[in-house]
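Input: a single structure, listed below in structure tokens.
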Amino acid sequence: MSSIAGPNGELTVLRAGDYEATVASVGAGLVSLSFRGHDIILPFPADELPPAYAGKVLMPWPNRVASGAYSFNGQRYELPVNEAATGSALHGLALWSGWQVERRGDSEVVLTHLLHGEPGYPFQLALSARYALDADTGLHVELGAMNCGTAEAPYGTGSHPYITVGGEDISTCELSFRAGKVLQTDEKLQPTELLETPDTDFDFSQPRVLAGQSLDHAFTDLPAGRWDVTLRNPALELSAVVESTGTQAPWMQLYSGELRGRRGLAVEPMTCPPDAFNSGQDLVVLKPGGSHSLTYRIHAVQG
């Protein structure tokens, strides 16, 4: 553990068995995760801003709100647009804030943050992020929110880890996951239509090498009991796996990491699709005193 006056705040190093992870207090972000010396999360230097939202917690919405504007309970709100190219409000309000380290141990850290609200999101949420390493099952992540205000609040959450296998070009790796539908987007990455994935370039129900394919898409119609995304490096005989449940995270965003040299695949468990603040699809409405949690894990598979 060490403290730095840099862009990631206070760092906590977790260890359990063959796993080691580093968590930052700014944005409750995941800086690194390794297994037997191999990176299974693409790390970034702790004294630099996380590139391409690496490891960030996405609250109180994941992905984009189109034009930074939405209506809720008959009231229109305008959020700061932080992605000029698409004119969107991207990835929530908590990812560049300093979180408090509530407790820590050798293999666990819990961070909290009070979202006081702002004109575009005048709701008060008590946020939490728990990272726990287990020697057998890898890194467990739990993202929580409680409405501590007096009005209903629109809410969604997600996380932005980039899985990798040793930090090598993912084009040489095999990707596999099951998803029945993929969300198509326009030139501003706003949703247009849901398409069936079978027998398309988005069908990864059987492992396929990623060479030549770019992804920046949301997927749904995931296995209800448990879904997983596996990135396997045949040369190392090692896989990185993100796993969650379809009831908690009925959506996931996959991005092939061009902004990071295609050395990592962003796998983002999400409670709702892009622009859910406008569509209302799978949007969580937190009543005063109500709470919500999303859990997922990242682990390695040898062989």
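Each value in this text was obtained by applying a stated rule to the coordinates, not by laboratory testing. All figures in this text were calculated on a predicted structure; none of them were measured in a lab. Cβ sites come from the backbone with ideal geometry, for glycine too, and all protein chains shown count toward neighbours.
Compute the signed sum of charges (Lys and Arg +1, Asp and Glu -1) over the other residues within less than 15 Å, Cβ to Cβ, of Pro223. Show your work: numbers first, answer last.
Numbers: positive: Arg178, Lys181, Arg226; negative: Asp203, Asp221, Asp228, Glu243.
Spelling it out: positives minus negatives among the neighbours equals -1.
Once each part is reduced to its C-alpha centroid, what is the distance from the stretch 44-117 to the stretch 176-218 in angstrom?
Between the Cα centres of the stretch 44-117 and the stretch 176-218 lies a distance of 25 Å.
For Ala235 and Glu48, FRET efficiency with R0 = 25 Å and r from the beta-carbon atoms, rounded to 0.05? Kindly include the intermediate steps, with their values, before the conclusion.
Values: r = 29 Å, r/R0 = 1.15.
That pair, Glu48 with Ala235, gives E of 0.30.
Give me the extension gain from Thr192 to Glu152: residue separation times 0.36 nm, minus the current Cα-Cα distance, reported in nm with one decimal. If you can, show how the numbers build up before the last one.
Working: separation 40, 0.36 × 40 = 14.40 nm, distance 2.82 nm.
Separation in residues times 0.36 nm, less the Cα-Cα distance, equals 11.6 nm.
What is the Å³ per residue value for the convex hull set by the Cα atoms of the stretch 153-303? Provide the component values of the computation, followed by the final result.
On the way: hull volume 17.6 nm³, N = 151.
Taking the convex hull of the Cα positions in the stretch 153-303, it is 117 Å³ per residue.
To one decimal place, what orientation-averaged projected area in nm² is obtained for the convex hull of the Cα set of the chain?
Convex hull of Cα atoms, orientation-averaged projection: 14.7 nm².
Hey, what number do you get for the chain at 222 nm if only DSSP H runs of n ≥ 4 count, each worth -39500 (n - 2.57), divided across all residues, to the nearest 500?
Details: 1 runs with 4 residues, N = 303.
So the helix-based figure for the chain works out to 0 deg cm²/dmol.
Rounded, prolate or oblate: which fits the stretch 51-172 when a ≥ b ≥ c are the square roots of the eigenvalues of the alpha-carbon gyration tensor, with rounded for a/c under 1.5 and prolate only if a/b beats b/c? Display every interim value, and only then the final one.
Working: a/c = 2.70, a/b = 1.36, b/c = 1.99.
Oblate is the answer for the stretch 51-172, as a/c is 1.5 or above yet b/c matches or exceeds a/b.
Considering the chain as a Gaussian network with a 10 Å cut-off on Cα pairs, which listed residue, Thr185, Thr112, Thr230, attains the greatest mean-square fluctuation?
Fluctuation is largest for Thr185.
Taking only Cα atoms of the stretch 30-119, what ratio of Rg to Rh do you get with Rh as the Kirkwood inverse-distance radius?
Values: Rg = 16.3 Å, Rh = 15.6 Å.
Reported Rg/Rh, Kirkwood definition of Rh: 1.05.
Applying 1/(1 + (r/R0)^6) with R0 = 35 Å to the Cβ-Cβ distance of Ala126 and Arg36, what FRET efficiency is obtained, to the nearest 0.05? List each step's numbers first, then the result.
On the way: r = 37 Å, r/R0 = 1.06.
Step by step, r from the Cβ atoms, then E = 0.40.
Would you please name the GluC sites (Glu not before Pro) within the stretch 126-192 that are DSSP coil residues with at most 15 other C-beta atoms within 10 Å of their C-beta?
On the way: sites: Glu142, Glu152, Glu168, Glu174, Glu187; in loops: Glu152, Glu168, Glu187.
Answer by residue number: Glu152, Glu187.
Taking Cα atoms of the stretch 182-238, Rg/Rh with Kirkwood Rh, to two decimals?
1.00
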